[in-house]
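The values are calculated or read from the model by the stated rules, or taken from the named source; none is laboratory data. Source: prediction; values computed, not measured. A quick note on method: Cβ atoms are made from the backbone with ideal geometry, for glycine too, and the neighbour counts reach across all protein chains shown. These area figures cover heavy atoms from the full protein model, side chains too; ligands, DNA and RNA do not enter into them. Shrake-Rupley method; radii C 1.70, N 1.55, O 1.52, S 1.80 Å.
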Amino acid sequence: MKKHNFSSGPAILPESVFAEAAQAVKELPGEGLSILEISHRSKAFTEILEEACRLPKELLGLDDQYEVLYLTGGASSQFYMVPMNILGAEECAGYIDTGAWSVKAIKEAKLFGSVEIVASSKVDGFTCIPKDYKVPEDLKYLHITSNNTIYGTQFHEWPGTESPLVGDMSSDIFSRPTDLSRFGLIYAGAQKNLGPAGTTLVIVRKDMLGKVERPIPTMLDYRTHVKKNSTFNTPPVFPIYVAMLNLRWIKAQGGLEEMARRNQRKAALVYEAIDTFDIYSGVAAIADRSLMNATFFLNDHSLDQEFLSRCTAANISTIKGHRSVGGFRASMYNAMPYESVEVLVDVMDKFGREYAGKA
Ligand SMILES: *Cc1c(COP(=O)(O)O)cnc(C)c1O
């Protein structure tokens, strides 16, 4: 029996997507060849790629100023590709520091220009999204991590600034309808809410490119991939195919409105359990709680192992918190069924009642 997979990534995808992907590994419908052996320049793959580039714009409501790319190297490579392509040596970029992922992005950006940390939730142990800060004028861009996968914090509104926003949306892209018109670039490693590990979605507004002086190696220059529609070299054919299947699924389910409705219902169920029983504490500040990754502690850590065994017995997989935070984390991406969340919350409720007042 398949487990209820609460992994933060690589993560769950819809069952129908797994089935179609498995079929395509044997034979891509109508091709007489596996998706693993077709040319990235074949008609079949050209159509797949075209759809994989069209659907993100359609779902996110982006116009033709934006280009969709499928790159490799993970979201982590975007930490340096963004400043290498966009931040001039004499220019300054702002970063909002919401924890581990922003810290890594900041480190790379400093290699290319100046960086101003506009706000940080470090003093709060990254358990919240910074508020009440002033964004300096004339930043080349302001970088945010829209959802911090590790601490379970999420921006519920975008920072106010005249500068273009750049967003690492690895763990909440396609999870809710949102206005991206102030974004100049967004990126997301596929393996959280989009597809398998192996490709990174980059969406860039064309006017962001071509404005820095430094030489950029061909493969690291966004313009190469814009010009060649992500096929300058062999792109990750299979991850792109599976991402396309998942995007189709999202659209068929009712698009981002429907994803948001489901994600809110699922998250509400887990947070209600956290708030109802005195043995649990949520990690993230209530106003900044993520709809994707719900993080919590057992107040009495000596019960951790017992709680984990109950989860395992209920066929729940990968519920432990990130090693830097500890506790527990329920990642509930788009494909996570409500029924799986009910199984988890059932364990939480029973455990919470059993140990009430004892922790
Ligand atoms: C997982 C994650 C990353 C790193 O992604 P890779 O594809 O492994 O490089 C970056 N940012 C966020 C917000 C993530 O959740």
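Side notes on the structure shown:
- Comparing Ile319, Ile286, Ile173 in a Gaussian network model of the chain (Cα springs below 10 Å), the most mobile by mean-square fluctuation is Ile286.
- Using only alpha-carbon positions in region 279-359, the gyration tensor eigenvalues give semi-axes of 19, 16, 12 Å once each is multiplied by 5 and square-rooted (largest first).
- With Cα atoms defining each centre, region 129-172 and region 13-76 are spaced 29 Å apart in the structure.
- Set of lysines near Lys43 by C-alpha distance (under 18 Å), chain-local residues within fewer than 8 positions excluded: Lys228
- Area of Cys53 that stays accessible when all protein chains are in place (1.4 Å probe, Å², to 10): 30 Å²
- Reachable aspartates and glutamates, given that their alpha-carbon falls under 16 Å from the alpha-carbon of Lys134 and they are not under 8 places away in the same chain: Asp97, Glu116, Glu157, Glu162
- Surface exposure of the chain, expressed per residue as accessible area with a 1.4 Å probe, stands at 43 Å².
- When DSSP beta bridges are restricted to pairs lying wholly in the chain, around 55% turn out antiparallel.
- Per residue, the chain reaches -11000 deg cm²/dmol at 222 nm when only DSSP H runs of four or more residues are counted, each adding -39500 (n - 2.57).
- Test item: Cα-centred dipole of region 15-253, Lys/Arg +1 and Asp/Glu -1 on Cβ, debye: 320 debye
- Calculated SAXS-style log₁₀ I(q)/I(0) at q = 0.07, 0.09, 0.10 Å⁻¹ - the chain, Debye, Cα scatterers: -0.31, -0.52, -0.63
- Length gained when the stretch Ala89-Asp207 is fully extended (0.36 nm per residue, less Cα-Cα span): 40.6 nm
- Heavy atoms of Phe18 accessible to a 1.4 Å probe, total area in Å² rounded to 10: 80 Å²
- Net charge over other residues, Cβ less than 15 angstrom from the Cβ of Asn5 (K, R count +1; D, E count -1): +3
- Cβ-Cβ FRET estimate between Ala356 and Ala314, R0 fixed at 25 Å, reported to 0.05: 0.80
- Treating r as the C-beta distance of Thr234 and Gln23 and R0 as 22 Å, the FRET efficiency rounds to 0.45.
- Protein accessible area in the chain, 1.4 Å probe - carbon and sulfur %: 52 percent
- Within the listed set Ile35, Ile96, Ile216, the Gaussian network model of the chain (springs between alpha-carbon atoms below 10 Å) gives the highest mean-square fluctuation for Ile216.
- Anchor Lys131: lysines whose Cα lies under 28 Å away (excluding residues fewer than 8 positions away in-chain): Lys104, Lys107, Lys110, Lys122, Lys140, Lys192, Lys266
- Cβ-placed point charges (K, R +1; D, E -1), dipole of region 254-354 about Cα centre in debye, nearest 20: 300 debye
- Put Val25, Val226, Val17 in order of accessible area, highest first, and with a 1.4 Å probe you get Val25, Val226, Val17.
- Fluctuation leader among Ala284, Ala89, Ala243 - the chain, Gaussian network, Cα springs under 10 angstrom: Ala89
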